[in-house]
Amino acid sequence: MKWRLKRLRQILKKLGLRTLLWYFTWLFSFLALVIYSFRGRYEFASENIEYETSIASLRTAQEFQDFLSDIESEFNITVACISEKLYEQDSPEMLQDYFVRRTEEVNRSDEDIDYIFYGVINGQFFDGTNWVVDESYSAQDRDWYRTAMKQNGEIVYIPSYEDLRTGNYVVTIAMSLPYDETVIALDVNVNLLQKYAEQNFDRTANKQVIILDDNGTVVIHSDKDEIGKNYAAETDTLGAFVYDLWTRYGEQDEATWFKIDGHNYMLGTAKINDVWSALTIMDTHKDVQELFRFLIFSLLFVIAGSVVIFLIMMYSASKKLRLDDFYENLTTLSKSYMTMHKIDLEMDSFQEIHCRNPKIRDAIGKNTRGASEKMLQIMQRFTAKESLEDVLFFVDLHTLPTRIGSADSLTIEFLGNHLHWMRGRFSVAERGSDGLAKSVIWTVESIEEEKRERERLQYLAETDKLTGIRNRGSGEAKISEYLHTYDGMFLLFDVDKFKSINDTYGHSIGDKVLTAVADCLKASFREDDVVMRLGGDEFVAFARNVKTRAEAQQIINRLFAGIDDIRIPHKEELRVRISAGVTFSRRDNSPTFKEVYKKADEGTYQSKIENGNFVTYVE
């Protein structure tokens, strides 16, 4: 702690009083700017909330009115067509057929039905879904019929209710016709109205959009759980409070402020049609929270920025102090390396920083001159012949500045004379005015364990965990490479009735089947061929330089024989069969994996017609 305080005093002294005064002046100026900005945003938000609430209600009402107008238009077309059919005295069968066709026409999809046309004509009930009514069912006793008859030819909206046919909540549009107490009706699925609302209403976390009918029933709500509730029958809830305000003041041009449970709200209202209204509730508490979050984030930004600037200042002031510690830290770092030397490329000289290998130290000797020649001699002595050519090129100090260029370092991995993997690295320590390296740090470390772990991870990444053969990624990449360099045979097959095996014997037996099939595949092909599990029970193989059906059939016969010999312990009755497709590729055509797969897949499909262990060749 005493050392840190001493170090801090040294850095502050280098900064100087004038620099510190400038820094704190800048900091307080930015804090004042943040507070002023927050005040302006707060005043603007307060004025804007009322406007947003009012305009949201009007926009919601207009959008929903346009949507309802489209629905009413479809309804009016239906009513006009039925009136014409009644005038022409069409038969009941023709009327029923029209209701069905009209319902299908308006829905225009295979999804759940959102619109259903139906009605009562001359005492007979007609339905667009061919719904068979119960004997006790009387359409004349339903609200939609009685309400439409009372309105004498005007379109009426029936509050949402649960439909007996579908179990869905629906809103009904109905109208009576002057033909023996005839009523035509249209059910609109509430889910459709909700879907429309979700697609078109601008709702944020602090805003609720509600469509109410005159009875206080929620037709649409930004919270789906509220749909169908009757706010007129509720007490001590937000919905009940909103309904009370709405019935008290009605639709107004300006939004109304109210408070409940410690939260300030604003209510905007607008009429949609004669029976529905659009209400918007804005929770202003959340808007205020957003403003305070803006203030907090701004303060944090200023504080973080000031800390960064202060750290930069501290860094600049401490640069000389850190340079004094450089070689001490470098010596500590070098202990993780076998050897570390600084090489002056202009002077062609060595400077030892650390060396754990006495043989290397003896090879360098006391004379630090002639670094380029000594590097070649040392690497010839301590490098395995498999890596010698690459290493000698890498340690050529004459070409090193050009090769390393603007990079910070240059690395090579090579085999040492004891066939252990090593890593050599040149790191730029200093550059000249031309940007080329003047001096470098040369380090050597053992990476034997790292190399083994890297190879192990690569093997795991390229291998199917269940079967031990190549997985899709590595197998497809290798076959794609072979397709451009070799002619060969491409084989695709899958296990017959594999789903049935899983269902009958369980997935553990299914896994054993896949493993056994993979073993047969490996045994049937050469080591330099590619065998892979494409996924599920689908396997692929590519045999290089197999160009004829006769050559291919020998391999296929070995594979079929191995498949026939598969026996799963304790499941001796289980017999495994495969269906295969084969195609031949020519490197001159540069086929892709997808192209040969498609051909072989056609063969596999044809083989499935036969009774197992069958191959089809596709040219």
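Side notes on the structure shown:
- Pairs are defined by a Cβ separation below 7 Å, a sequence spacing of at least 6 or placement on different chains, a first member in region 131-145 that is closer than 16 Å to residue 187 by Cα, and a second member that is assigned to a loop (DSSP other than H, G, I, E, B); the pairs so defined are 131/165.
- Condition met for residue 397 (in the same structural domain as residue 345 (by TED's automatic domain parsing), part of a loop (DSSP other than H, G, I, E, B) and at positive phi): no
- Residue match in region 123-130 (condition: surrounded by 16 or more Cβ atoms within 10 Å (Cβ to Cβ), touching a Lys or Arg at 6+ places or on another chain (Cβ under 6 Å) and of a type in the set (Phe, Trp, Tyr)): no
- Cβ-Cβ under 7 Å pairs, at least 6 apart or on other chains, region 154-167 side over 18 Å from residue 183 (Cα atoms), far side surrounded by fewer than 17 Cβ atoms within 10 Å (Cβ to Cβ): 160/228; 165/129; 165/131
- Note on region 495-518: residues that are in a helix (DSSP H, G or I) and in contact (Cβ under 8 Å) with a residue 12 or more places away in the chain total 13.
- Only one entry in 238, 212 is aliphatic (A, V, I, L, M) and either modelled with pLDDT under 80 or surrounded by fewer than 19 Cβ atoms within 10 Å (Cβ to Cβ) (or both), namely 238.
- Criterion applied to 501, 479, 509 was being buried (at least 21 other Cβ atoms within 10 Å of the Cβ), over 30 Å from the mean Cα position of the chain (by Cα) and in the same structural domain as residue 607 (by TED's automatic domain parsing), and the one residue passing it is 501.
- Just one residue in the set 86, 15 is more than 30 Å from residue 282 (Cα to Cα), modelled with pLDDT of 75 or more and either within 37 Å of the chain's Cα centre (by Cα) or not polar (S, T, N, Q) (or both); that residue is 86.
- For the condition part of a strand (DSSP E or B), surrounded by 19 or more Cβ atoms within 10 Å (Cβ to Cβ) and among the β-branched types (Val, Ile, Thr), residue 116 qualifies.
- Residue count, region 576-596 (criterion: touching a residue at least 12 places away in the same chain (Cβ under 8 Å) and either assigned to a strand (DSSP E or B) or surrounded by fewer than 16 Cβ atoms within 10 Å (Cβ to Cβ) (or both)): 12
- Residue 518 vs. criteria in the same structural domain as residue 537 (by TED's automatic domain parsing) and of a type in the set (Gly, Ala, Ser): yes
The values are calculated or read from the model by the stated rules, or taken from the named source; none is laboratory data. These numbers were taken from a predicted model, which means no experiment stands behind them. Here Cβ is always computed from backbone atoms with ideal geometry, including for glycine, and neighbour counts include all displayed protein chains.
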